[in-house]
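Visitor: Below you'll find the structure I mean.
The numbers here are math on the coordinates, done by the rules we state, and not lab data. Note that the coordinates shown come from a computational prediction; the quantities given were computed from them, not determined experimentally. Ideal geometry is used to build each Cβ from the backbone, glycine not excepted, and the neighbour counts take in all protein chains shown.
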Amino acid sequence: MASSRWWLYVQAVFWRFLMRIGMFLHTLAPPCPPRPLFTRTVQSDSHGHSVVIHFYCPPDYYQQRRRGHRYPVAVNFHGGGFTLGCATDDARWSAAVVEQVGAVVASVSYRRAPEHPFPAAVDDGVEALLYLATHAADLALDVSRVALSGFSAGGNLAITVPLRLRGRISTEVKEHFGRADSTQQLVNQTSDLNIVAVFSWYPILDFLESRDHRRAMSIMPDKTLPTFFTSLFDEAYLPDLNDRSSAFASPVRASDRILCEALPHDVFLFICEWDMLMKEGQTFVRRLEGLGKRVRAMMIEKAKHAWDKSANPFRDQGSVDIYYRDACADMKAIFDR
């Protein structure tokens, strides 16, 4: 039986508080992760709400901006089951991208469920991209070189946001504007925007498949996320069961044509061996390869979901940084083409 929205909200507030404590402990392991250099608040014309974007930048950002330099940009989406977490949770990943790629990281603070269920988060991701494209000159961004990244729920958004963006400018899907000039304005906004790669870390890709079935089919069922978490996440974000088949929630349900047109040629998936999401990630990789995408799938051995976000300040951060460095090397190679 589905929980009431009120009870879901109470649970979300409780776990958000505990997660903030966990993320504070996460930051204690040296080196200390950076804080955003600045933030921008995006006022959505189409939905009447605001989206906050946190920017992590190279040390010479302001100096280079005055000289007219444009940085490639990695747009990041945090995890937390669309219910928990915040845009600064991936500060260590952002630091790696800034230092090793020389890019600006724009981390999106999207609306969370249950207050804002689907498709709020994916719509906010689209709004963030449109804002970056429109204000690229002011922000010193080269939006012809955009990579999307995300962790867990954010890994889902790194894949579904391009699908949603395509849906807003395509007559193939049943999402259109009432006025032709509105559609033309959207096309103009995205004319210079070029998503060249996706880096998706342990994403959920299919909300139709039962969590119980996923858990039972896992290599280590006792290492997967507990039921009280997965039930909270799914009921909070997708209370309408019909929405769970949407390509903008479950990208495995998208048509081959949509995946071909919306996703970039280079897609990177990082999958945890002990995660209940492992098998759907592997299946999605094979499908994208069949569509002609250049897909690199990295299996993180003996790792649980969100293994890189451990609250233990004495953890082996170096073992996580190896994967971050590897991903950054791939991102830099794509940006430098």
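Visitor: Could you give the size of the charge dipole of segment 195-337 about its Cα centre, using +1 on the Cβ of each K and R and -1 on the Cβ of each D and E, expressed in debye and rounded to the nearest 20?
Guide: 240
Visitor: Suppose R0 equals 45 Å; then what is the FRET efficiency for Arg40 and Ala216 from their Cβ-Cβ distance, rounded to the nearest 0.05?
Guide: Computed FRET efficiency for Arg40 and Ala216 comes out at 0.50.
Visitor: Between segment 89-111 and segment 212-286, what is the separation of their alpha carbon centroids in Å?
Guide: Between the Cα centre of segment 89-111 and that of segment 212-286, the gap is 23 Å.
Visitor: Report the FRET efficiency, 1/(1 + (r/R0)^6), for Leu208 and Arg66, where r is their Cβ-Cβ distance and R0 is 41 Å, rounded to 0.05.
Guide: 0.20
Visitor: Follow-up question, since we're still on this one. So for the pair Thr227, Asn312, with labels modelled 7 Å out along Cα→Cβ, what separation do we get in nm?
Guide: My value for the distance between the label points is 2.7 nm.
Visitor: Using only helices, what value at 222 nm comes out for the chain when you add -39,500 (n - 2.57) per DSSP H run of length 4 or more and divide by the total residues, to the nearest 500 deg cm²/dmol?
Guide: -13000 deg cm²/dmol
Visitor: Work out the length of the dipole vector of segment 253-310 about its Cα centre, built from +1 on the beta-carbon of each Lys and Arg and -1 on the beta-carbon of each Asp and Glu, and round it to the nearest 20 debye.
Guide: Magnitude of the dipole: close to 80 debye.
Visitor: Nearest 5 percent is fine: what portion of the DSSP beta bridges confined to the chain is antiparallel?
Guide: If I count the DSSP bridges inside the chain, around 30 percent turn out antiparallel.
Visitor: Quick one: net charge around Met19, please, counting Lys, Arg +1 and Asp, Glu -1 for every other residue with C-beta under 10 Å from its C-beta.
Guide: Surrounding charge for Met19 is +2.
Visitor: Residue by residue through segment 323-330, what is 3J(HN,Hα) from phi via Karplus (6.51 cos²θ - 1.76 cosθ + 1.60, θ = phi - 60°)? Round to whole Hz and write x for glycine and proline.
Guide: Here the 3J(HN,Hα) series is 5, 4, 4, 4, 5, 5, 4, 5 Hz.
Visitor: Based only on other Cβ atoms within 10 Å, what is the fewest-to-most ordering of Ser94, Ser246?
Guide: Sorted ascending by nearby Cβ count, the order is Ser246, Ser94.
Visitor: Under the classification rounded if a/c is under 1.5, otherwise prolate if a/b is larger than b/c and oblate if not, where does the chain fall, given a ≥ b ≥ c as square roots of the Cα gyration tensor eigenvalues?
Guide: It is rounded, given that a/c, with a ≥ b ≥ c, falls under 1.5.
Visitor: Let me check I've understood the local charge: for Phe268, count other residues with C-beta under 14 angstrom from its C-beta, Lys and Arg +1, Asp and Glu -1. What total comes out?
Guide: Net of charged neighbours comes to +1.
Visitor: Return Trp6, Trp201 ranked ascending by Cβ neighbour count within 10 Å, so the fewest neighbours appear first.
Guide: With the sparsest Cβ surroundings first, the list reads Trp6, Trp201.
Visitor: Starting from the Cα-Cα distance between Ala333 and Phe14, subtract it from 0.36 nm times their residue separation and give me the gain in nm to one decimal.
Guide: Between Ala333 and Phe14, full extension yields an extra 110.7 nm.
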